[in-house]
Structure formats: structure tokens, C-alpha cells
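Student: Provided herewith is a single structure, encoded as C-alpha cells, for subsequent inquiry.
The values are calculated or read from the model by the stated rules, or taken from the named source; none is laboratory data. Since the model is a prediction, treat every value here as computed from it, not as a measurement. Every residue, glycine among them, receives a Cβ derived from its backbone with ideal geometry; neighbour counts consider all protein chains shown. To get the accessible areas, we keep the full protein, side chains included, count just its heavy atoms, and leave off ligands, DNA and RNA. Shrake-Rupley method; radii C 1.70, N 1.55, O 1.52, S 1.80 Å.
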Amino acid sequence: MSVKFNDFLEEQLQDPEFRQEYEALQPERAIIQAIIDARASSGLTQKELSERTGIAQGDISKLERGSANPSIRTLQRLAEGMGMRLRLEFLPLNSLTK
């Protein structure tokens, strides 16, 4: 019997302690997904983005895996390399969606 990830995650989220930690990591997950989505929509490989930005391909890979935390400057360089601009927002807590 195989368990699908989303089913497993939903089960784990029933634990309040797990849910609290999972929700605390949401900003990091959002940044990772935004980098991946922007690169994909730009049609660039990690190697091509590396060549455009001067950021090592291995470092881009680490960012996309969540193994490194990017600085604002790094995010700006990535955005520029993809022909985009970086925009950060602060939102009221009640406007967050899960």
C-alpha cells in the first residue's frame, strides 16, 4: 500500500505541534516555490540562470531545495537574471491563505 504525500501531510497536520511548525515554515516554502516557478516560466535551466546572474548553479540548486536562505540581494540578482523584478509584501495576518 502506498501513501500519497498529500494524504500523509493531512494526517500529520492533525497534530497541533506539527501544524504550528509547518505553518511557521510557510514563508520559506513560498520563496522556494516562487524561485522555481519564475525560473520555469522564464524557460531557463539552473545552469542558464547561473550564467546570467553569476550565482553558482550549485547555489541555485540549494536555494530551490531549501538548503540555503537567500539574501534580498541574491533574490534581486535572480529576478534580474530572469528578466523580472523582485517585490516583497507585508500582509495582515488575516489575509494569509493556506
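Student: Taking only pairs six or more apart or across chains, which ones have beta-carbon atoms under 6 Å, a first residue in segment 49-75 that is within 23 Å of Leu25 (Cα to Cα), and a second residue that is open to solvent by 50 Å² or more (accessible area, probe 1.4 Å) and outside any helix (DSSP H, G or I)?
Tutor: These pairs meet every condition: Leu75/Leu86.
Student: Can you tell me which residue is most open to solvent (accessible area, probe 1.4 Å) among those in segment 28-66 that are charged (D, E, K, R) and under 16 Å from the mean Cα position of the chain (by Cα)?
Tutor: Among those that are charged (D, E, K, R) and under 16 Å from the mean Cα position of the chain (by Cα), it is Arg65.
Student: Quick one: would you say Leu25 is surrounded by fewer than 13 Cβ atoms within 10 Å (Cβ to Cβ), over 18 Å from Leu86 (Cβ atoms) and under 11 Å from the mean Cα position of the chain (by Cα)?
Tutor: yes
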